[in-house]
Amino acid sequence: MGRAFEFRKARKLKRWGNMSRTFTRIGKEITIAAKAGGPDPSMNPRLRVLIHNAKAANMPKDTIDRAIKKATDKDATDYKEIVYEGYGPFGIAIVVETATDNNQRTVANVRSYFNKFGGSLGTQGSLSFLFDHKSVFHIKPSEDIAMDEFELDLMDFEAELEADEEEWLVYGAFDQFANLQSFLEDKGLEIVSAEFERIPTDYKEVTAEQREQLEKLLDKFEEDEDVQNVFHNMKEE
């Protein structure tokens with residue numbers, strides 16, 4: 001899973017190179033989480049971890065505060081999280097996660113991107129069998145943790161650990177996010193950031209020419225203001 005994660009991380013860092021785009025994406029997530037679970041991070045685990053994500057992306061504190069405040073503003077935009085699934089060219093499966101205030105606009109845009117590059121938009125849930133939906137936590141390494149015992153404890157959350165000197169990665173079941181977050185915090189571990197990942201169950205080989213066309217499609221999705229995340233099963237280089 002490590003190399004695959006590094007491939008996704010490289011794409012994420014490329015997208016996060018545009019700071020305004022990054023802050024917009026994280027800000028939407030913070031507003032949605034604050035609206036769903038309340039604006040107090042101490043009482044809202046999802047909001048708490050999103051604030052960690054924002055800080056990891058160097059998002060200014062006042063920008064974070066504004067995103068939280070939007071959740072209680074009656075005139076603020078009401079975002080809905082919608083997932084679109086389809087096939088790009090050469091049979092590559094693509095899942096597009098969005099947060100939008102205008103579903104008609106978003107679905108029209110997503111469909112047009114698929115069509116322009118020789119793909120097709122499918123029905124919701126049609127590609128779920130091709131991806132494992134995981135909770136992923138980035139943790140600061142700790143010398144105070146007994147690794148063998150820690151890995152055994154993680155099994156209770158259907159989770160596994162990838163560790164090196166710079167970072168620990170914990171992959172857990174999607175529906176165990178809140179429980180896993182509480183467990184890690186109770187252990188005194190510092191969560192640097194966390195997200196949900198859709199990890200392909202199998203990767204599809206493509207040629208250099210095919211990859212170039214697919215990258216153009218993926219970039220098109222990620223340039224869209226409504227798009228939060230894009231996942232695919234194209235094998236990394």
Problem - Close pairs (8 angstrom Cβ cut-off, 6 or more residues apart or separate chains): touching a residue at least 12 places away in the same chain (Cβ under 8 Å) and farther than 16 Å from GLU85 by Cβ in the stretch 105-117, open to solvent by 50 Å² or more (accessible area, probe 1.4 Å) and assigned to a helix (DSSP H, G or I) anywhere - result: LYS116/LYS220
Exercise for the section: Please go through the stretch 118-152 and pick out each residue that is closer than 12 Å to GLY86 by Cβ and of a type in the set (S, T, N, Q). Expected result: SER120, THR123, GLN124, SER126
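What about GLU215, is it of a type outside the set (Lys, Arg), open to solvent by 30 Å² or more (accessible area, probe 1.4 Å) and assigned to a loop (DSSP other than H, G, I, E, B)?
Details: of a type outside the set (Lys, Arg): yes; open to solvent by 30 Å² or more (accessible area, probe 1.4 Å): yes; assigned to a loop (DSSP other than H, G, I, E, B): no.
No, not satisfied.
Can you name every residue in the stretch 105-128 that is in contact with a Lys or Arg (Cβ under 8 Å, 6 or more places away or on another chain) and either surrounded by 21 or more Cβ atoms within 10 Å (Cβ to Cβ) or among the acidic types (Asp, Glu) (or both)?
Initial filter on the stretch 105-128 (in contact with a Lys or Arg (Cβ under 8 Å, 6 or more places away or on another chain)): 113, 116-117, 121.
Selection gives TYR113 alone.
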Problem - Check on VAL192, modelled with pLDDT of 95 or more and open to solvent by less than 70 Å² (accessible area, probe 1.4 Å) - result: no
Practice task
Would you confirm whether any residue within the stretch 180-187 is in contact with a Gly (Cβ under 7 Å, 6 or more places away or on another chain) and open to solvent by 70 Å² or more (accessible area, probe 1.4 Å)?
Solution key: no
Exercise for the section: Note down all Cβ pairs under 7 Å where the first residue falls in the stretch 27-40 and is closer than 19 Å to THR98 by Cβ, the second is surrounded by fewer than 18 Cβ atoms within 10 Å (Cβ to Cβ), and they're at least six residues apart or on different chains. Expected result: GLY27/THR63; ILE32/GLU81
Handout entry: Filter result for ALA178 (closer than 25 Å to ILE82 by Cα, in contact with a helix residue (DSSP H, G or I) (Cβ under 6 Å, 6 or more places away or on another chain), part of a helix (DSSP H, G or I) and not charged (D, E, K, R))
Key = yes
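Can we say ILE92 is closer than 29 Å to THR207 by Cα and in contact with a helix residue (DSSP H, G or I) (Cβ under 7 Å, 6 or more places away or on another chain)?
Values: closer than 29 Å to THR207 by Cα: yes; in contact with a helix residue (DSSP H, G or I) (Cβ under 7 Å, 6 or more places away or on another chain): yes.
In short, yes.
Search the stretch 185-212 for residues being assigned to a helix (DSSP H, G or I) and under 25 Å from GLU166 (Cα atoms), and hand back the single one that is nearest to the chain's Cα centre (by Cα). Show your work before the answer.
Going residue by residue through the stretch 185-212, those that are assigned to a helix (DSSP H, G or I) are 185-186, 208-212.
With the extra rule that they be under 25 Å from GLU166 (Cα atoms), the set shrinks to 185-186.
Working: GLU185: 20, ASP186: 24 Å.
Applying the filter and picking the extreme gives GLU185.
The values are calculated or read from the model by the stated rules, or taken from the named source; none is laboratory data. In this text the structure is predicted, and so the values were computed from the model without any measurement. So basically every Cβ, Gly included, is an ideal-geometry build from the backbone, and we count neighbours across all protein chains shown. In case anyone asks, the SASA skips ligands and DNA or RNA and just uses the protein heavy atoms, side chains included. Shrake-Rupley method; radii C 1.70, N 1.55, O 1.52, S 1.80 Å.
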